[in-house]
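Comments concern the structure below.
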Amino acid sequence: MQFVYVMIRVCFAVLFIYSSISKFSDQNTFSLIVRNYQILPELWVSPFSIILPRMEIFISVMLLSGWEIGTASIIGILMLLAFSLAVSANLIRGRTNVSCGCFGKNKYSKINWEIIARNLIFVIALLFLFLTDSKINLPFIHFLKSFTNYFELFFLLGLIVLGVIFGIKILLKLSLFKFYFREEKMV
């Protein structure tokens, strides 16, 4: 189990380092990608584009050093969920020609539902780190730790993730979400 724990830490540290370096290498392109999501107010685009790669480096250092892994995991989870919400909002608006920006300018892939699924899988892995390292005594944490092995936990979390993904897709087909996320047309 310790081997899996260390491998997840190292893999996410490398992932976040690679992501931040690619964003640092062309800050202007990354700012344009953030702007193109049309989520943040214009005033926040530049500060966000500067802070995000630094946060990714900070998380990587925490994961590699073993310092506050639970905190690093929660920050990573929150970032991935925020990214997933931004991608979802654009997909729901029908804006599929937006560059992902996941790895700065090095990857020009367009947003899609697979990115959200990938992020949710990453969230589950970071949740594993959090639960393994967590010293927090909340009832929810005790419930998750009560599983006899991690296979049961990952199976349960996997079912939840699949349920959320399919639920969103069904709601989209029924056009229930499109009303809330439609783009405003300027006349």
- Output for the range 62-119, where each listed residue is β-branched (Val, Ile, Thr), more than 30 Å from TYR5 (Cβ to Cβ) and surrounded by 14 or more Cβ atoms within 10 Å (Cβ to Cβ): ILE92, VAL98, ILE111
- Message: Cβ-Cβ under 9 Å, sequence separation 6+ or interchain: first residue in the range 29-51 and free of Cβ contacts under 8 Å to residues at least 40 places away in the same chain, partner surrounded by fewer than 17 Cβ atoms within 10 Å (Cβ to Cβ) and β-branched (Val, Ile, Thr). Which pairs?
- Response: SER31/ILE50
- Do you know which of the residues in the range 62-95 that are among the hydrophobic types (A, V, I, L, M, F, W, C) and over 18 Å from the mean Cα position of the chain (by Cα) is farthest from VAL10 (Cα to Cα)? TRP67
- Task: Select from the range 26-75 the residues that are more than 30 Å from ASN97 (Cβ to Cβ) and outside any helix (DSSP H, G or I) and list them in ascending order.
- Result: GLY66, TRP67, GLU68
- Pair list, Cβ under 8 Å, 6 or more apart: the range 75-100 residue more than 16 Å from ARG118 (Cβ to Cβ) and without any contact (Cβ under 8 Å) to a residue 60 or more places away in the chain, other residue outside any loop (DSSP other than H, G, I, E, B) and aliphatic (A, V, I, L, M): ILE75/MET55; ILE75/ILE59
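Just so you know, all these numbers are worked out from the coordinates, no wet-lab data involved. Small disclaimer: the values here were computed from a predicted structure and weren't measured. Here the Cβ is made from the backbone with ideal geometry for all residues, glycine too, and neighbour counts use every protein chain on show.
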